[in-house]
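> Supplied in structure tokens, the structure appears directly below.
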Amino acid sequence: MANERSILLFSYGTLQQENVQLSSFGRLLYGHDDAMPGFSQTMLEITDPEVIRTSGKRFHPMVAPSDEPADSVAGKVFSISAEELAAADRYEVADYRRISVRLASARRRGSTSRRERLALVRGF
């Protein structure tokens, strides 16, 4: 089913904003708190006027792997469809790319389920 919301998207930035969700997905996303261990967060200046208009922000968070074991980036995990993932890709600027990560919730549970432990992340 094309509209099935089986993709886990971890957001640590503007995709958590209601206005961005409505503009990008046409709906509000339901998510739960989680974190991405082993990463640190910086800010990136956005120059795309459409992204600035949508988010209302000129600086957006960006993540990168960290050498500090205690580093972690907080955010939310949303269940989205393939069409919504494509919409998220259109929203993000070229400085971002998507990777798979193991989130803190999966580590706490010792999960071996791929759906529970992997999410897609926008970053670096």
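Any read-out appearing in this document is the output of simple, stated calculations on the displayed coordinates, not a laboratory observation. Bear in mind the structure is a predicted one, so any value in this text is a computation, not a measurement.
> Give me the extension gain from Tyr30 to Glu68: residue separation times 0.36 nm, minus the current Cα-Cα distance, reported in nm with one decimal.
10.6 nm is the gain from fully extending Tyr30 to Glu68.
> Moving on to the next point. Jot down the per residue volume, in cubic angstrom and as a whole number, of the convex hull over the alpha-carbon atoms of the range 7-123.
Cα-based convex hull of the range 7-123, divided per residue, equals 95 Å³.
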